[in-house]
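One structure below.
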Amino acid sequence: MGRMHIPSSASSSPARNPRRELGLLANARKHKHSFIQFAAMTGILLLSLRSLGQKYRIHDLLEDTSALREERESLADRMSNIKRDLRREASLDSTGLLASRLRLLFGDEE
């Protein structure tokens, strides 16, 4: 049977054949299309990850906005209840000094 002939360049060691040792730039030039495609896909992947992170950040900010709105409404209700109770207490004062002072503090025109 026939013996396979191994070319001498395939059996030579990398130290003897400097053409086998391609640098990064030489390899990129050799496979230019694949290198450009890899760079583009990497860029798209990174942009997608950033976009996904921004999507979740927006979601969190919307939740925070909703919670702050509810808290603001709760505080406004508490303030109006406190004002109402203070006015009621002031109305019980026969001199009217407390009621006039509260009107000044609250900016009422009553």
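Stretching Thr42 away from Arg57 to a fully extended chain increases their span by 3.1 nm, per 0.36 nm per residue minus the current alpha-carbon distance. The slack in the chain from Glu89 to Thr65, taken as 0.36 nm per residue of separation less the alpha-carbon distance, amounts to 5.0 nm.
Spherically averaged projected area of the convex hull of Cα atoms, the range 57-110: 4.5 nm².
Every number here is computed from the coordinates shown, using simple stated rules; none is lab data. No experiment lies behind these values; they were computed from the predicted model shown.
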